[in-house]
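The values are calculated or read from the model by the stated rules, or taken from the named source; none is laboratory data. Just so we're clear, the structure is a prediction, and the values are computed from it rather than from any experiment. Cβ sites come from the backbone with ideal geometry, for glycine too, and all protein chains shown count toward neighbours. With ligands, DNA and RNA removed, areas are computed over all heavy atoms of the protein, side chains included. Shrake-Rupley method; radii C 1.70, N 1.55, O 1.52, S 1.80 Å.
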Amino acid sequence: MAHVTVDPVTRIEGHLRVEVQVDEGSGTVTDALSSGTAWRGLELVMKDRDPRDAWAYIQRICGVCTTAHALCSVRAVEDALGITIPKNANYIRNIMAATLTVQDHIVHFYHLHALDWVSPVEALNADPVATANLQNTILATYKLPLTGPTATNTEAYPHDFPAATPQYFDGIKAKVKAIVDSGQLGIFSAQWWDHPDYKILPPEVHLLAVAHYLEMLDKQRELVTPHVIFGGKNPHPHYVVGGMPCSISLTDGNAPVNTARLAIVDRAVNMGRTLVNNYYLPDLLAIGNIYVKAGKTDGGGLAKTRVLAFGAYPMDTYTRTSDGGFFKDLLIRCNGVVENFGAGAWNAEYSELKAEDLTSPDGFTEGVQHAWYEYPADKDLHPWEGVTEPKFTGPKEGTPTEWKTLNEQGKYSWLKTPKWKGKVCEVGPLARYIIIYTKYVKGLLGDLTWAEKMMIDQIQAVSNVLGLAPEVWLPTMVGRTAARGLDCQLNAEINKFYFDKLIANIKSGDLSVMNSEKWYPETWPKECKGVGLYEAPRGALSHWVHIKDGKTHNYQCIVPTTWNSCPRDDKAGQGAYELAMMDTHVAVPDKPLEIVKVIRSFDPCMACATHMYNAKGEKIRVVTTDPYSGMTVEE
């Protein structure tokens, strides 16, 4: 039995350590631990702050999610204060949310996850002529011609289309060869390029994907220009409680939002549609199809058992999430929990999320049994009653600064364990698609919204490509990665949908973006509580605020990565990361590519180095992924 440690897991945002026990004979993972190894304590920073400023502080949780926490924060404060935002503000927030999702998924696939699938070393064996032919074949075979209500592109011609000439790919191959020959792999450094998984794909797929990796480094930055127009900057664009801080004028050329700047937003929206349809989805489906045909349908873990989502995109505007207002008119009605999907959609159990689930003391809770925190009583707490009191106990073996093994029987992570009715859940794009598909099969959706219909059409199209039923391919590592790509295509269309609604509303003469009726604290109740919900790119995000005497009395966040990478609970069991690792076959224990691949399929929210240990606990390799760190490779 080999004890394998990866610390930190690289090409992610944040600090994550995983430990797995691998049967070296069979490659079976018999146990797995997931540990969040950094503590920031932003909930404590929020104490006694003006709740109108909460979004500006709390979105510094993450610079990758950029706008997600700000949006969820203003929704929480508005819920507490009973504020209804104008239509334009809702449309703009939805555009910014969809923009984030499109850019985040594209960056994840090409720049955080792609090198788990493709290798620049294998790309050197590719024939540029065959690669050019393959590019055309992939576009013809794997494009999913699905759109939202506005099918046409409002630009004169598409600006972004994959190059498909032998000369282009020959040039890319020469660039990659120069990097490999130099021994300075830079962005391609620190990977197990001799792992057998890299032989699954033909060399031409490797070259094609590396070419698109390089292209997307440049293209992705233009996708977030709507954040700059509506929020002033990216990352961390500006919001305001009660609406948005960007006044609209179609006659003032100096206005934050005018006709010229709306045209820039339109350009970015259409670019997102083009990139996902011509690059992302065809690449992803071509690679995924080869992997499925090779029998790589593991890594599903908790997705087979229980997934959760809050629902996405309020159609117009709403009042009071905690009273159920958020759930009343959603574009994507995935607010619920699906259990036992692995047994088939017909046999799965769906539970709708309602207002009482949010406010009940037992509806949503967090536990700290295996987390480095201390609660005043030995019980789980609702987020409104949540306590952020650190209690670091160290590893089972090693020192507080040099860990050897984690203490699976005690505390081993800086992440709490979120629960729905006492149960752990997986969240993310995969959860959203499983819930919508299950509701559709069971006839629980009624008349589909255009977005829900598109999701069903996407699932059926991918099932046709893979030759597998949704219940088989969705709850897998490939399915989790595919669902992220489908979600990107969907959100590109949602972006256009809400942009069109914004333009129509502005044309009607409505230029309002702010409701300031309850801006001043003297208009607030002496004490109130609120919750903000948002389906972020990584999944179900919730912010919980308790306002007292005009100040933030308590603030708690339950983020998607907390749901997925939480430590185990003695009653509820293990979380999504741990179960996904246990549902993954490892071919070479001292090169656990499959483990980091399944973890990165969740898109955990920094790269430094990988430490590994053998069964005796001896360090056998240190691999740096930062060429500027000054670290060396040790054998």
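Key figures
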read-out	value
Heavy atoms of GLU385: accessible area, 1.4 Å probe, square angstrom to 10	100
Cβ crowding within 10 Å averaged over residues, with 287-295, 484-492, 145-153 ranked highest first	484-492, 287-295, 145-153
LYS396-THR165 FRET efficiency (beta carbon distance; Förster radius 51 Å; 0.05 resolution)	0.35
Two-site FRET efficiency, THR28 against GLN460, from Cβ-Cβ distance with R₀ of 35 Å, rounded to 0.05	0.55
Cβ-based charge dipole, the stretch 371-433, positive-most Cα from PRO390, ALA377, PRO418	PRO418
Whether the stretch 1-54 is rounded, prolate or oblate, judged on the alpha carbon gyration tensor where a/c under 1.5 counts as rounded	prolate
Loop-located GluC sites (Glu not before Pro) in the stretch 513-598, at most 14 other Cβ atoms within 10 Å (DSSP)	GLU517
Label-point gap, in nm, between GLN409 and SER182 - each point 7 angstrom along Cα→Cβ	5.2
Prolate/oblate/rounded call for the chain, Cα gyration tensor, a/c under 1.5 rounded	oblate
Under-5 Å amide H pairs with LEU353, H placed in peptide plane, nonlocal only	GLY336, VAL337
Theoretical gain in end-to-end length, ASP323 to ALA469 [0.36 nm per residue, Cα-Cα removed]	48.8 nm
Amide H partners (placed H, <5 Å) of ASN554, local residues excluded	HIS546
Trypsin sites (Lys or Arg not before Pro) restricted to the stretch 501-552 and DSSP loop, no more than 15 other C-beta within 10 Å	LYS526
Apportionment of accessible area to carbon and sulfur, the stretch 34-156, percent (1.4 Å)	54
DSSP beta bridge pairing in the chain, given as percent antiparallel to the nearest 5	95
Estimated vicinal HN-Hα couplings, Hz - the stretch 245-251 in sequence order (Karplus 6.51, -1.76, 1.60; Gly, Pro = x)	x, 10, 6, 10, 8, 9, 10
Solvent-accessible area per residue for the stretch 430-548 (1.4 angstrom probe, square angstrom)	32
Shape category assigned to the stretch 213-336 from the gyration tensor of Cα positions, a/c cut at 1.5	oblate
Rounded FRET efficiency, nearest 0.05, which uses the C-beta distance separating ASP590 from GLU527 and R0 of 51 Å	0.35
Options SER34, TYR142, PHE161, ranked by Cα towards positive dipole end of the stretch 24-177, top entry (Cβ charges)	PHE161
Within the stretch 343-364: backbone nitrogen closer than 16 Å to the LYS423 label point (7 Å, Cα to C-beta)	343-354, 357-358, 362-364
Dipole-positive endmost among VAL4, PHE109, VAL472 within the chain (Cβ charges, Cα centre)	PHE109
Estimated distance in nm for a label pair at ALA377 and LEU214, the labels positioned 7 Å out from Cα along Cα-to-Cβ	6.2
